[in-house]
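Please read the structure below before turning to the comments.
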Amino acid sequence: MILTIASGKGGTGKTTIATSLALAIADESPLYLDCDVEAPNAHIFLKPTFDQSRAVTLPIPVVDGGRCDGCGRCAEVCQYHAIVVIGAKVLVFPELCHGCGSCTLQCPHTAIEEVPYRLGMLEAGLSKEGIRFARGILDIGQPMAVPIIRALQRWHPFGEMETIIRDAPPGVSCPVVETMSGADFVLLVTEPTPFGLHDLRLAVQLTSELGVPAGVVVNRDGIGDQRVDEYCQSADIPILIRIPFDDRIGRALACGKNLVEAFPEYLPRFRDLYTDICDRIIEREAVR
């Protein structure tokens, strides 16, 4: 089972929910993937010991000026405008390249070869509770997070795993689409405010377009208004758990403590949440 924890905006408590869920089912040795590669922080709460790593690279074209005659075919086939031909000179912009290889295949003079270009790295290790943990880290200055997320999801440092929790980046952009794709269920974390509702709508629309079932976590319950509840009811999106607005929780998180670590009474609630999600997935598969 692949479960993605996401939110339409940052700061809703997505990682708090994801790490709490992982700790609640630690006896099943889940795989936790921190896919927020631009700002990964789940390690602060799960505290894994990293003992595996690998670089993530992309094949970038390099042009042999001795063979190139400036015909411009490479620029014509590049959908991302990563190659520009000015006169007889070919300019390559690695930050725009998606590594598709079209330019290399289409060059009539075999004047292009591909070399690895580093985008970031992957790390993996175990937490003291036995949670398998892996994360991606985008190198500073690199603009594309999707290749790192894709590499992270294809990496198997612990072999094949039955239960995978993906901690998605915030928002609804391409990195979130990549993290949601292929999931069995998406848990959307929101807060009962106008901003929370606005971004929840966008996230629900994304799960609908991807065809992935979703449920909602209302964090900081008790602030704002009832419009999130009204929207979920009208959209037939179940609210699976509520976390109250409590400054004690905020203080615990600020000290690097996880929710279920600071407040053990939440542990059975997150176990029940996991069971509820599993039941919903099984029920959906039975209807198909």
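The values are calculated or read from the model by the stated rules, or taken from the named source; none is laboratory data. Bear in mind the structure is a predicted one, so any value in this text is a computation, not a measurement. Every residue, glycine among them, receives a Cβ derived from its backbone with ideal geometry; neighbour counts consider all protein chains shown.
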* Report the residue count in region 225-236 for those that are surrounded by fewer than 20 Cβ atoms within 10 Å (Cβ to Cβ) and either touching a helix residue (DSSP H, G or I) at 6+ places or on another chain (Cβ under 7 Å) or outside the structural domain of ALA183 (by TED's automatic domain parsing) (or both). => 3
* **Set ARG135, ARG54: member being in contact (Cβ under 8 Å) with a residue 12 or more places away in the chain, loosely packed, with under 13 Cβ neighbours inside 10 Å and touching an Asp or Glu at 6+ places or on another chain (Cβ under 9 Å)** => ARG54
* Do we find a residue being of a type outside the set (Lys, Arg) and part of a loop (DSSP other than H, G, I, E, B) anywhere in region 184-191? -> yes
* **Selection status of GLU113, farther than 30 Å from PRO30 by Cβ, touching a helix residue (DSSP H, G or I) at 6+ places or on another chain (Cβ under 9 Å) and part of a helix (DSSP H, G or I)** => no
* Asked: Do we find that SER181 is hydroxyl-bearing (Ser, Thr, Tyr), assigned by TED's automatic domain parsing to the domain that holds THR163 and under 21 Å from the mean Cα position of the chain (by Cα) in this structure?
  -> yes
* **Unmet criterion (only one of (1) under 17 Å from THR193 (Cβ atoms); (2) in contact (Cβ under 8 Å) with a residue 40 or more places away in the chain) for VAL216** => (2)
* Asked: If we keep just the residues of region 5-14 that are closer than 19 Å to ILE44 by Cα and touching a helix residue (DSSP H, G or I) at 6+ places or on another chain (Cβ under 7 Å), which is modelled with the lowest pLDDT?
  -> THR12
* To do: Would you point out the residue of region 265-288, among those that are among the hydroxyl-bearing types (Ser, Thr, Tyr) and within 16 Å of ILE165 (Cβ to Cβ), that is nearest to the chain's Cα centre (by Cα)?
  => TYR274
* **Residue that is farthest from GLU113 (Cα to Cα), among those in region 15-46 that are of a type in the set (D, E, K, R) and modelled with pLDDT under 95** => ASP27
* Mind checking which residues of region 67-110 are among the polar types (S, T, N, Q) and not in a loop (DSSP other than H, G, I, E, B)? -> SER102, THR104, GLN106
